[in-house]
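J.: I have a structure I would like to understand better, so I am pasting it below and will then ask my questions one at a time.
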Amino acid sequence: MTDGAGVSQAVILVGGQGTRMRPLTDTIPKPMLSLMGLPFVERQVHHLQRAGVNRIVFSCGYRPREIEEYFGDGSSRGLEMGYVVDPEPLGTAGAIANAEDLLDPADVFVLNGDILTDLDLAALVAHHRGLGAEATIALTPVDDPSAFGLVRTDADGRVTEFVEKPGPDELIAGEPYRINAGTYVLTPAARAAIPRGEQVSIERDTFPLLAARGGVGALASDCYWRDIGTPGSYLDAHLDVLAGRVAFIASPGEAWVSPDAQVDSSATIGAGACVGPGAVIGPRARAAACVIGAGSALGADAQVDGAVLGRDVIVGDGARVSGLVVAGDGATIAPGAVVTGPESIATGAAAPAG
Ligand code: GTP
């Protein structure tokens, strides 16, 4: 990562409800879910700091305390960190406007708090400044844009059109499908276009407004990009880090076991298993391609493959869990049970039910 070309402040949006990630987000905000033992948003802080950012404002809403208690004022890492909290959900642009009093009147990076990417922030700034844009959006390619907002640009990399959830008749044969990658550079003028204290979406309200006056740049990149906002994608993010498909703070290898986990010597930790701090893996148990949250336990002979277990989940002796089974914090899976995903087990619930 090269220097962020003079953008030294950032807002990270961390206030969403994370509804697609339930039940894991019942008890923790999505950006604080762990990735290899660290809160996910640590990776973004690291990425920003390496790009030359020295001030980060977290724009919070849902469960703000966990975030502020973890990061504090940032001084231990040589950063200035501040917090604002939506009085009610303000949407992605309203949440940026809410951070304005903690920002200098200069360009700012804005990051969604749930994106894992190797995006080159300096290149984004260079494109932004080269165009003299009010706002510049990073774009990422997708095979099928129908669930996203398609962004069209001219040859100079200036946005010409946003098409929200395009139907087949709105697609042009042979065009590259590129979507908003959730990383922006915004000038003070772009931020001034956001009404304060109102619910405003940057994707649906602010960018189309700015693009209509020719002020939005967009930079396409093929670098690694993943929205971790669903349990399946969150699991895949772990597998991508283990496979080295994306740079991470440390390179864990083909599986990751927290130094604070207890793994019985007869247990098997297979490829893609991520075992969190305080987890206990019992005799002859097997884990592969799964996330086992802090304090969770696999009983003797239990098998877990493809699941995402929150914190303090108990998998009974001999239980078999396979496919995308998502278990909220404190859930229990009965001894000998066979649970096959896709399946969601609520926070604190027992499976099989009743
Ligand atoms: P879903 O409910 O599953 O769609 O997740 P989400 O609430 O995180 O929404 P989404 O993925 O669209 O949000 C993108 C980023 O913006 C995430 O990092 C959210 O935390 C953040 N975000 C979304 N809405 C708000 C909001 O109203 N206020 C604040 N402060 N942040 C928000």
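J.: Taking each pair of distinct Cα atoms in the stretch 9-242 once, what is the resulting Kirkwood hydrodynamic radius in Å?
T.: Here the Kirkwood hydrodynamic radius works out to 18.0 Å.
J.: Could you pull out every residue, at least 5 positions away or on a different chain, whose amide H is within less than 5 Å of the one on Val308? Hs are placed 1.01 Å off N in the peptide plane, and Pro or chain starts have none.
T.: Result for Val308 returns Val291, Val325, Val326, Ala327.
J.: With label points built 7 Å along Cα→Cβ from the Cα atoms of Arg152 and Glu164, find their separation and express it in nm.
T.: Label at Arg152, label at Glu164, 1.8 nm between them.
J.: To continue, here is another question. Between Leu171 and Gln17, with labels modelled 7 Å along Cα→Cβ, what's the label distance in nm to one decimal, could you check?
T.: With each label point 7 Å from Cα toward Cβ, the separation is 3.0 nm.
J.: So how much accessible area does Arg245 have, in Å² to the nearest 10, using a 1.4 Å probe?
T.: Spelled out: Arg245, probe radius 1.4 Å, area about 140 Å².
J.: While we're on this one: Please list, in chain and number order, the residues 5+ apart from Ser296 or on another chain whose amide H is under 5 Å from its amide H, with Hs placed from the backbone.
T.: HN-HN under 5 Å from Ser296: Ala279, Val280, Asp312, Val313.
J.: Please name which of Ala192, Gly215, Gly229 has its Cα lying farthest along the dipole of the stretch 121-232 towards the positive end, using unit charges on Cβ (Lys, Arg +1; Asp, Glu -1) and the Cα centre as origin.
T.: Farthest towards the positive end: Ala192.
J.: Hey, another quick one. When the dipole is taken about the Cα centre of the stretch 128-268, and only Lys, Arg (+1) and Asp, Glu (-1) are charged at their Cβ, what size is it in debye, to the nearest 20?
T.: Dipole magnitude for the stretch 128-268 comes out near 620 debye.
J.: Please state the charge dipole magnitude for the stretch 256-351, taken about the Cα centre, from unit charges on C-beta atoms (+1 on K and R, -1 on D and E), reported in debye and rounded to the nearest 20.
T.: About 120 debye.
J.: Report the charge-dipole magnitude of the chain in Debye, nearest 20, computed about the Cα centre from +1 at each Lys and Arg Cβ and -1 at each Asp and Glu Cβ.
T.: Here the chain has a charge dipole of around 280 debye.
J.: If ligands, DNA and RNA are left out, what is the accessible area of Ile28 with a 1.4 Å probe, given in Å² to the nearest 10?
T.: The value for Ile28 is about 20 Å².
J.: Could you compute how much accessible surface Ser265 exposes when probed at 1.4 Å, giving the result in Å² to the nearest 10?
T.: Accessible surface of Ser265 is approximately 120 Å².
The values are calculated or read from the model by the stated rules, or taken from the named source; none is laboratory data. For clarity, every value in this text was computed on a predicted model and none was experimentally measured. Quick reminder, even Gly has a Cβ in these numbers, built from the backbone with ideal geometry, and neighbours come from all protein chains shown. Heavy atoms of the whole protein, side chains included, go into the accessibility calculation; ligands, DNA and RNA do not. Shrake-Rupley method; radii C 1.70, N 1.55, O 1.52, S 1.80 Å.
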